[in-house]
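Structure, as structure tokens:
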Amino acid sequence: MKRLAPVVLMKNELAFTTRSFTIDTYLGEPQNLVRIFSELDAHEIVVINLGDLNSEMMKILEAMSKGSYVPLHFAGGINSASDAALVVGLGFEKIGLELRSLDLDLPKIQSIAERVGSTSTSASISVVCNNLGDYILWDWKSGTRSSIGLQEAVNALNGSGCGELKVNSVDRDGSGLGPDIKLASQVREFTDLPLVYQGGVKTQADVDFLWSLGIDCVATGTMLSTYGPHKAALAHYPLSDEMELRWR
Amino acid sequence: MNRVTIIDAGIGNLPSLVSAFNRLDLECKVVSKPEDLKTTMLTVFPGVGHWGQATSRLLESGWSNAIQEYVQRGGNLLGICLGMQLLGRTSEEAEGLGLGLLPMSTELNEAHGTRVENLGWNRVHSPEWSAHDWLGVENGRAFYFTHKYSVSPLNPQQSKLLSTDFPGVIAAVQLDNVIGVQFHPERSGKSGLDLLAKVVEWAEA
């Protein structure tokens with residue numbers, strides 16, 4: 001069954017949405033957002049941490065886990081299999097790991113998949129379109145384009161032991177311009193792994209269309225965390241009856 | 001007497017489960033030593049991870065014997081995810097003996113003709129021969145699954161069970177006082193909380 005997952009992006013105990021990977025709208029306490037999305041019966045909640053995985057952060061993650069009755073996915077600041085095991089031990093179902101370097105990140109993904117299991121290991125790639133119209137990876141930490149092509153990255157992840165792949169369109173991030181259909185379709189062709197797409201999603205029609213392309217889960221921050229043209233902070237989620245009809 | 005006991009054998013995620021029972025206003029006790037597993041209305045056996053590591057740990061720590069004796073005394077047991085698989089005897093994932101409380105083995109999902117990982121929400125269904133909904137679970141209710149292996153009951157018609165819309169995957173199985181669920185009720189939103197409440201009602205009856 002297809003999923004719609006709110007994204008809770010956070011740093012220094014604050015949640016926010018981004019546009020082109022820069023802060024756009026502040027949303028308050030991240031653990032509060034997680035609790036609200038859980039009460040709204042979200043299919044899954046994706047928590048992305050842009051800060052360090054320190055003791056304060058672990059306390060926040062523990063509070064999130066206790067306050068949620070739906071699956072939790074955590075990404076950001078995981079540097080080792082031990083880090084991943086700690087977060088899984090708090091009750092998070094999935095660990096998200098960004099692929100920025102084939103040499104450095106693939107072994108890490110493999111070791112984490114071995115430690116916490118492939119179904120708990122979700123690899124992600126952030127993608128931009130270059131001047132030639134080709135998709136290449138984006139390193140959000142350094143803010144630079146990589147030389148790794150989309151297909152090369154997906155092929156590498158297919159054999160990495162991860163149980164899920166998440167693709168983020170940097171060009172559409174927080175834009176509300178609609179998803180990058182070409183990107184989503186290409187990644188779907190390159191892998192049989194369960195696939196999550198994030199970037200540019202604005203309406204339920206966008207979500208429905210991505211689902212129809214074979215995307216297993218649509219992740220979105222702005223669409224579900226803000227409301228109206230001025231992007232007022234307001235967490236919302238389709239009613240379960242409405243979602244039930246879409247699943248049929 | 002505590003109404004619900006949760007086994008902490010070092011192979012499960014406990015905080016979310018404790019939180020779910022607390023949400024149902026149920027007193028809940030976590031036990032981390034086999035000798036502390038006493039008479040209780042319901043014992044929950046959560047599990048995540050690898051079959052081989054889990055069976056070694058259960059055997060070495062004494063949990064295998066403690067759980068088997070608890071069930072033989074008539075105690076009600078709910079196994080969750082790997083905790084469900086460990087109610088059987090063997091698994092394709094690794095060597096090591098499970099608890100042998102239910103006549104079933106565990107196989108790779110691929111062996112059932114589907115892709116390996118089952119990540120996400122699946123509907124559950126009562127089998128055709130079953131006259132009643134299992135524990136009042138409506139046909140078509142969705143629960144959250146995350147697993148690579150799943151159980152294969154040796155005599156499916158002798159157990160109460162639920163199938164899923166993910167081909168070949170058994171969602172739940174029950175034989176007498178032992179229940180196993182492959183999905184995570186503590187992470188299945190309202191469906192999961194409703195189910196946990198039903199399991200408690202069943203255990204109290």
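Residues that are closer than 30 Å to residue A:28 by Cβ, more than 12 Å from chain B (Cβ to nearest Cβ) and open to solvent by less than 50 Å² (accessible area, probe 1.4 Å): list the helices (runs of 4 or more DSSP H) wholly contained in the stretch A:187-248 that include at least 1 such residues. Don't jump to the end; show me each part of the working.
On the way: elements: A:204-212, A:222-225, A:240-247.
Hits in the stretch A:187-248: A:204-212, A:222-225.
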(Q) Quick check on residue A:104: is it open to solvent by 20 Å² or more (accessible area, probe 1.4 Å), part of a helix (DSSP H, G or I), more than 14 Å from every other protein chain (Cβ to nearest Cβ) and within 29 Å of residue A:180 (Cα to Cα)? (A) yes
Q.
Just to check your reading of the model, which residue among B:64, B:16 is buried (at least 20 other Cβ atoms within 10 Å of the Cβ), within 11 Å of chain A (Cβ to nearest Cβ), among the small types (Gly, Ala, Ser) and within 18 Å of the chain's Cα centre (by Cα)?
A. B:16
**Q.** Unmet requirement for residue A:12, which otherwise passes all of (1) open to solvent by less than 40 Å² (accessible area, probe 1.4 Å); (2) away from chain B (no Cβ under 14 Å)
**A.** (1)
Q) Before we move on, is residue B:96 among the small types (Gly, Ala, Ser), in contact (Cβ under 8 Å) with a residue 12 or more places away in the chain and either more than 23 Å from residue A:85 (Cβ to Cβ) or not in a loop (DSSP other than H, G, I, E, B) (or both)? A) no
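For the stretch A:127-145, enumerate the residues that are assigned to a strand (DSSP E or B) and among the hydroxyl-bearing types (Ser, Thr, Tyr).
Taking the stretch A:127-145 and keeping what is assigned to a strand (DSSP E or B), we get A:127-129, A:135-139, A:144-145.
Of everything in the stretch A:127-145, those that are assigned to a strand (DSSP E or B) and among the hydroxyl-bearing types (Ser, Thr, Tyr) turn out to be A:135, A:144.
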Q: Identify, by number, the condition in (1) open to solvent by 10 Å² or more (accessible area, probe 1.4 Å); (2) touching a Ser or Thr at 6+ places or on another chain (Cβ under 8 Å) that residue A:89 doesn't meet.
A: (2)
(Q) Quick test of your reading of the structure: residue A:83 fulfils all but one of (1) open to solvent by 30 Å² or more (accessible area, probe 1.4 Å); (2) in contact with a His (Cβ under 7 Å, 6 or more places away or on another chain). Name the failing condition by number. (A) (2)
Q) In the stretch B:121-192, which strands (runs of 3 or more DSSP E) lie fully inside it and hold 1 or more residues that are over 27 Å from residue A:72 (Cβ atoms)? A) B:149-153, B:160-164, B:170-175, B:178-181
Q.
I'm told residue B:72 meets every condition in (1) free of Cβ contacts under 8 Å to residues at least 60 places away in the same chain; (2) of a type outside the set (D, E, K, R); (3) open to solvent by less than 40 Å² (accessible area, probe 1.4 Å) except one. Can you identify the failing condition by its number?
A. (3)
Q. Which members of the stretch A:149-168 meet the condition of being modelled with pLDDT under 95, on the phi < 0 side of the Ramachandran plot and open to solvent by 10 Å² or more (accessible area, probe 1.4 Å)?
A. A:159
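Taking the residues in the stretch B:24-68 that are among the basic types (Lys, Arg) and part of a loop (DSSP other than H, G, I, E, B) as candidates, determine which candidate is farthest from residue B:3 (Cα to Cα). Break it down stepwise before answering.
At the first step, the residues of the stretch B:24-68 found to be among the basic types (Lys, Arg) are B:29, B:33, B:38, B:57.
Add one more test, that the residue is part of a loop (DSSP other than H, G, I, E, B), and what stays is B:33, B:38.
Numbers: B:33: 18, B:38: 11 Å.
The qualifying residue farthest from residue B:3 (Cα to Cα) is B:33.
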**Q.** Cβ pairs under 7 Å, 6+ apart, first in the stretch A:171-195 and more than 19 Å from residue A:1 (Cβ to Cβ), second β-branched (Val, Ile, Thr) and in a loop (DSSP other than H, G, I, E, B)
**A.** A:179/A:201
(Q) Let me spell it out: the conditions are (1) open to solvent by less than 20 Å² (accessible area, probe 1.4 Å); (2) aliphatic (A, V, I, L, M); (3) within 14 Å of another protein chain (Cβ to nearest Cβ); (4) assigned to a helix (DSSP H, G or I), and residue B:200 meets all of them except one. Which number is the exception? (A) (3)
Q | Subset of the stretch A:176-186 [surrounded by fewer than 19 Cβ atoms within 10 Å (Cβ to Cβ) and either outside any helix (DSSP H, G or I) or not charged (D, E, K, R) (or both)] | A | A:176, A:177, A:178, A:181, A:185, A:186
Q) For the subset of the stretch A:44-77 comprising residues that are in contact with a Leu (Cβ under 8 Å, 6 or more places away or on another chain) and open to solvent by 10 Å² or more (accessible area, probe 1.4 Å), which member is farthest from the other protein chains (Cβ to nearest Cβ)? A) A:50
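The values are calculated or read from the model by the stated rules, or taken from the named source; none is laboratory data. Fair warning: this is a prediction, and the values are worked out from it, not measured in the lab. Cβ sites come from the backbone with ideal geometry, for glycine too, and all protein chains shown count toward neighbours. Calculation scope for accessible area: heavy atoms of the full protein, side chains included, ligands and nucleic acids excluded. Shrake-Rupley method; radii C 1.70, N 1.55, O 1.52, S 1.80 Å.
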